[in-house]
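First the structure, in the form of structure tokens, and then the observations on it.
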2 protein chains.
Amino acid sequence: MTNAALSDSSHLHEVIALPPGRALEICRSLHSAILEHKLVPGLKLSEDEVGEIYGASRTVVRAALQALAHSGLVSIEKNRGAFVAKPSVQEAHEVFQARALIEPAVARLAADMITDAQIKRLYAHLEAEHQALHDGDMGKALSLSGSFHTEIADVADHRVFAGMVRSLISRSSLVIALYWKRSDTACESHSHHALMDALEKRDAGAAESIQKSHIIDLHSGLDLRSKSDRGLSLSQALQDD
Amino acid sequence: MTNAALSDSSHLHEVIALPPGRALEICRSLHSAILEHKLVPGLKLSEDEVGEIYGASRTVVRAALQALAHSGLVSIEKNRGAFVAKPSVQEAHEVFQARALIEPAVARLAADMITDAQIKRLYAHLEAEHQALHDGDMGKALSLSGSFHTEIADVADHRVFAGMVRSLISRSSLVIALYWKRSDTACESHSHHALMDALEKRDAGAAESIQKSHIIDLHSGLDLRSKSDRGLSLSQALQDD
DNA sequence: CAACGAAATATCGTATACAATTTTTGAGCA
DNA sequence: TGCTCAAAAATTGTATACGATATTTCGTTG
């Protein structure tokens, strides 16, 4: 089970705008599952099926799916149903461009107001991330790696930016599921440690520039060539026989 | 009636993530009404009442209200219902801080790729804004003033930023309804014309800095002192008798 | 045997009914 | 008059039923 203290779903209600209840629970559960890559992009989320799994009626499930659709994790097609979203190459670029603009500004804010308790908490988070990697639980490691960013936003105590970051992190998770090309997912934690150093020194400028480099680095770890550039054209595929 | 060609609701489905249907129509209608300050912050949006107005069942109305809740225009309280959102002073600051970061970057992008047809369209938009002011239709003028910003985002052709700008503009409208202190709402259009000059020259740097100044100027037009500073304390109110 | 098309099935869209909760009302009392 | 509390009314939360649309199946035909 995901450790609630280190998961980002505890504040989800602030960005999901759903009142507490079963719809929110289903929403959180699906959210976690998608972030851990247990549900792959494109997978169909049938209302009946989801409802049966959680023991809820379609009314409730629909509310949850619509909430996830609003945050970009699910796409709903009229009269066809809900699917785990499949961000296009274009959207993948846009998500990381937005992160490169917003997250450094958020890191700057966080450096100016972080408390000792929060520093401790973030180190514990890194430790959990490290542990998940050690255990070979990639899904959890990825999810924790993302929620590290949302926790920075929480430190900045800026609801509006925090909401944006949460949404961007979620979509990044889908982008990574679709387009990640690097094998060394572990290198991430190095950047996170560097950011922690800057935060601990309350060095806002350093925090901002480290975060910016980190996002750009992540962006460069994606294979965002268009399909035709990736040799998946029909003619080439047929020649392989 | 709002001119559809100049309203920002035509692209709403992209950010609302609601499939076409009556729910989206209700959503759009309420959205416009809130942006035109026909519905004031804090107003209760009863499901039955809204449903009767639009001739739809509560099921559909609920979907619309939840969509609006997610975009921050409506707040839903468990077992109490939906209300037009009432942003706090803190949130008001945050919304304009976010705009000051994002919109200048968007203006820069827009300057790099704006077409002649889009320039023409934007000038027509400014003309409509001017006309609304001349007619004394404040609600429409305010709404058009906001949608000018979302149209810039559309020019930039960046879905992710456009979605954020749309959401921020909507919330700004609520903030203005609650906290606007300046009487000269017309001065806005001067900034918009200056931005158009920069866009027409494809001067990305100028567009960025003009937009940043414009947002900061708007922010400074708000009275965001906390309640106790505004002389609305209980003791002072009682002394007025 | 592949292509087409119609019936059968499955899934979503919407309305409505009932349960749970909140809000209002007003009777009783100090 | 003003307060308390319980009953009534109103409103939201959820389940279910039915109609509309999409998908699949399968028999027919060229």
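Can you tell me the length gained on complete extension of the stretch B:ASP135 to B:LYS44, counting 0.36 nm per residue apart and subtracting the Cα distance? Can you show the working numbers first?
Details: separation 91, 0.36 × 91 = 32.76 nm, distance 2.97 nm.
Going from the current span to full extension adds 29.8 nm.
For region B:89-220, what value does the Rg/Rh ratio take when both radii are computed over Cα atoms and Rh is the Kirkwood radius, given to two decimals? Walk me through the intermediate numbers first.
On the way: Rg = 13.8 Å, Rh = 14.7 Å.
We get a ratio of 0.94 for region B:89-220.
Need one value for B:152-159: mean number of C-beta atoms belonging to other chains within 10 Å of its residues' C-beta atoms.
Numbers: counts 0, 0, 0, 0, 0, 2, 6, 7.
Mean partner shielding for this stretch: 2.
If eta is 1.567 mPa s and T is 4 °C, what Stokes-Einstein diffusion coefficient results for the protein assembly as shown, Kirkwood Rh from Cα pairs, in µm²/s?
Values: Rh = 23.9 Å.
It diffuses with D of about 54 µm²/s by this estimate.
Which value in deg cm²/dmol, rounded to the nearest 500, describes the helix-derived mean residue ellipticity at 222 nm for chain A, given -39,500 (n - 2.57) per DSSP H run of n ≥ 4 and division by the residue count?
Details: 11 runs with 161 residues, N = 241.
When only DSSP H runs of four or more count, the value is -22000 deg cm²/dmol.
Given Cα positions, please report Rg to Rh for chain A, the hydrodynamic radius being the Kirkwood one.
Values: Rg = 18.6 Å, Rh = 18.8 Å.
A ratio of 0.99.
Over chain B, what is the relative contact order in whole percent, taking alpha-carbon pairs under 8 Å and six or more residues apart?
Reported relative contact order: 25 percent.
In Å and from the alpha-carbon atoms only, list the Rg and Dmax of region A:9-84.
Expressed in Å, the Cα Rg and Dmax of region A:9-84 come to 11.2, 32.
Could you work out the relative contact order of region A:89-220, using alpha carbon pairs under 8 angstrom and six or more residues apart, expressed as a whole percent? Could you put the intermediate results ahead of the total?
Numbers: 131 pairs, mean separation 58.7, N = 132.
44 percent.
Between A:ASP112, A:ASP197, A:ASP184, which gets the highest mean-square fluctuation from a Gaussian network model of chain A, Cα cutoff 10 Å?
Its mean-square fluctuation being the largest, the pick is A:ASP184.
Within region B:112-126, which residues have the backbone N less than 12 Å from the label spot 7 Å out from B:ARG202 along Cα→beta-carbon, could you tell me?
Only B:112-116 fall inside the zone, counting backbone N under 12 Å.
State whether region B:118-181 is rounded, prolate or oblate according to the following rule on the C-alpha gyration tensor (a ≥ b ≥ c being the square roots of its eigenvalues): a/c under 1.5 gives rounded; otherwise a/b larger than b/c gives prolate, and the remaining case gives oblate.
On the way: a/c = 3.72, a/b = 1.15, b/c = 3.24.
Oblate shape, in that a/c is at least 1.5 and b/c is the bigger or equal ratio.
Hey, how many Å between the Cα centroid of region B:41-120 and the Cα centroid of region A:89-140?
28
For chain B, what are the DSSP H helices with axial Cα length of 20 Å or more and mean Kyte-Doolittle hydropathy of at least -0.5? If you can, show how the numbers build up before the last one.
On the way: long enough: B:89-113 (36 Å, 0.29); B:116-134 (27 Å, -0.72); B:138-156 (28 Å, 0.44); B:159-179 (29 Å, 1.09); B:204-220 (24 Å, -0.05).
Passing helices, by number: B:89-113, B:138-156, B:159-179, B:204-220.
Would region A:75-165 count as rounded, prolate or oblate if I go by the C-alpha gyration tensor, calling it rounded below 1.5 in a/c and otherwise prolate when a/b exceeds b/c, oblate otherwise? List each step's numbers first, then the result.
Details: a/c = 2.37, a/b = 1.38, b/c = 1.72.
Oblate.
As I understand it, the dipole of chain B uses +1 on the Cβ of Lys and Arg and -1 on the Cβ of Asp and Glu, about the Cα centre. Which of B:ILE114, B:ILE76, B:GLY146 lies farthest toward its positive end?
B:ILE76
Take the alpha-carbon positions of region A:19-131, form their convex hull, and give its projected area averaged over all directions (one quarter of the hull surface) in nm². Could you put the intermediate results ahead of the total?
Working: hull surface 38.7 nm².
The directionally averaged projection comes out at 9.7 nm².
Each value in this text was obtained by applying a stated rule to the coordinates, not by laboratory testing. This one's a predicted model, so the numbers in the text were calculated from it and none came from an experiment. Positions of Cβ are generated from backbone atoms using ideal geometry, with glycine treated the same way; all protein chains shown enter the neighbour counts.
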